[in-house]
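Reviewing the structure listed below.
Please treat every number below as a calculation from the coordinates, not as lab data. What you see is a predicted model, and the numbers here were worked out from it, not measured in a lab. Every residue, glycine among them, receives a Cβ derived from its backbone with ideal geometry; neighbour counts consider all protein chains shown.
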Amino acid sequence: MIFCSYRWARCTLLCLLAALLFGCSNNSTITRSYVDPVLKKMDLEGVLIIGVAQQRSSRIKFEDAFAKALARYNVRAVASHTLLSQEKATADEVIAVAQANNLDTIMVTRYMGAMSQDVYHPGTIYYGVTPAYGAGYYNGFPGYYGHAYEVAYQQPVWTTNTTHTLVSDLYVTESREHLWQAVSDTIQAGSADKLRHDAIGSLIGNLKDEGLLD
């Protein structure tokens, strides 16, 4: 019975360790944000999504992903690459396209670059405990409650965290006034798709926190 309890406890703890090490869902945080308290009371209906990136493919993927994420909140969001063929449209051209498509806000998100930092993770020993049985246990207080045993040992390691920064701004189409801004820092923990998903998630979370999304 003790052996079975040991194996069960060991398997359970290893599963928990795996969940802690690999189960992180979002690695993005908002470091700064601003919303105009007057403008946010407007009844906004549609938004033109503009991603500013060096590669067109990155722009298209970001705009499509952001528009899809906003659509889940019943926002009529349109990716700019579907309406603007040129890579560097002027402000007047962007305004004209937004007005022609009845989009009363324009969201511009710029990729500001990445920063890498080395991080040291000290080693850790994880222990389990088995119950103490036997004559000594029943005849009196044995001086302990169980036997501790080592379950797993995590070696000390150095890792490199790469943080990507995005700045997102929301403008009112008609007046060109600045409605909202947020700066997100996202630690890359997987593929480019995962990075994009985490960054967009944090930006949408801030829009909700600021009262711009229901």
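Each label point was placed 7 Å from the Cα along the Cα-to-Cβ direction; for residue 213 and residue 191 their separation is 2.2 nm.
Ranked for footprinting exposure by Cβ neighbours inside 10 Å, fewest first, 204, 187, 125 give 125, 187, 204.
Fully extending the segment from residue 58 to residue 91 would add 9.8 nm, taking 0.36 nm per residue of separation and subtracting the current Cα-Cα distance. Counting every other Cβ atom within 10 Å of each residue's Cβ, 160, 186 order from fewest to most as 160, 186.
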